[in-house]
């Protein structure tokens, strides 16, 4: 009799789990259909191509069409030198070889912008221009005054010979699959409040918000690409999430304003600095990962909303999340 009751309870719980899973899938599919129907027009202007195929006779026309790339304080001789520079010509050739046309990127950006528009109807689709930046990997994507600039020379492939001398933890993300994630990171800053205090927790939640927006905007993108980890490093932080969190709590880091915690656990780095044996196995930015999990936990609550995520303080988000690391 007791066994029969247990079996019935098990079947009931299984039914409930399947029901909610199916309902969740239905809601997701419904949202995706609504998102897909949003009219978005994206046209990529290939400044990198135009400049690479130009000479000094075209300079005034270029300056008129693309003033953002020609600061007035620079004399025309600078552009003449650049047009004739051997390294610049080689870089142009490599970019054209990798990105001969832009239909794939156009479609990917259209899908991303539709998702942003769905969650933020006031979002204005920017003009998209591709350029070469002499491999300025610190500024791969730039968004200002409704213009989005994507420097394609920063996405030629992790092992490209132009990236020799760049630290591996940076060059590993200089690949085509990272473009959309980087664009989403820059666009997210249009909607995420600036950090009001300097606590370690505030830094974690700030990046957690960015990564959560990627969750809902980049629905077909892996978590590894969203945060810029290899699959191996992502698995490491997942497997060690409990240990990372315990280290933060035991050392009372959450409400600390020690700026060194930023470089140790938030900033892009080859590894995180616990000052323990695990350092060499860890990826950098584990603070961002933990912030991401806190935000995810917060958004799983019944009364959570995107508006609350962006308006509540970092402390409120943390306490309401009731975050518990996976074990």
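Every test in (1) over 30 Å from residue 307 (Cα atoms); (2) touching a residue at least 60 places away in the same chain (Cβ under 8 Å) is passed by residue 101 save one, and that test is (2). Does any residue of the range 84-96 turn out to be crowded, with 16+ Cβ neighbours inside 10 Å, assigned by TED's automatic domain parsing to the domain that holds residue 182 and either free of Cβ contacts under 8 Å to residues at least 24 places away in the same chain or not in a helix (DSSP H, G or I) (or both)? No - not one qualifying residue is present in the range 84-96. Checked against the criterion of being more than 19 Å from residue 291 (Cα to Cα) and in contact with a strand residue (DSSP E or B) (Cβ under 6 Å, 6 or more places away or on another chain), the range 170-187 contains one or more residues that satisfy it. Within the range 277-303, the set of residues being farther than 28 Å from residue 120 by Cα and either surrounded by 15 or more Cβ atoms within 10 Å (Cβ to Cβ) or in contact (Cβ under 8 Å) with a residue 24 or more places away in the chain (or both) comprises 278, 281, 282, 283, 284, 286. The single condition among (1) at pLDDT below 95; (2) surrounded by 14 or more Cβ atoms within 10 Å (Cβ to Cβ) that residue 306 does not satisfy is (1). For first residues located in the range 178-195 and closer than 16 Å to residue 312 by Cα, partners that are surrounded by 18 or more Cβ atoms within 10 Å (Cβ to Cβ) and at pLDDT 95 or above and lie 6+ apart or on another chain with Cβ distances below 6 Å form the pairs 192/209; 195/202; 195/206.
If the condition is being over 17 Å from residue 132 (Cα atoms), touching a residue at least 12 places away in the same chain (Cβ under 8 Å) and outside any helix (DSSP H, G or I), then the range 33-74 contributes 38, 40, 41, 42, 43.
Would you check if there is a residue in the range 30-44 being within 22 Å of residue 97 (Cβ to Cβ) and in contact with a helix residue (DSSP H, G or I) (Cβ under 9 Å, 6 or more places away or on another chain)? Taking every residue of the range 30-44 in turn, at least one turns out to be within 22 Å of residue 97 (Cβ to Cβ) and in contact with a helix residue (DSSP H, G or I) (Cβ under 9 Å, 6 or more places away or on another chain). Residues in the range 304-327 that are out of contact with any helix residue (DSSP H, G or I) (no Cβ under 7 Å at 6 or more places or on another chain), in a loop (DSSP other than H, G, I, E, B) and without any contact (Cβ under 8 Å) to a residue 40 or more places away in the chain: 305, 312, 324. Just for the range 138-176: of the residues that are free of Cβ contacts under 8 Å to residues at least 40 places away in the same chain and assigned to a helix (DSSP H, G or I), which one is surrounded by the most Cβ atoms within 10 Å (Cβ to Cβ)? Ranking the candidates gives 154 first.
The values are calculated or read from the model by the stated rules, or taken from the named source; none is laboratory data. Small disclaimer: the values here were computed from a predicted structure and weren't measured. Positions of Cβ are backbone-derived with ideal geometry, glycine not excepted, and every protein chain shown enters the neighbour counts.
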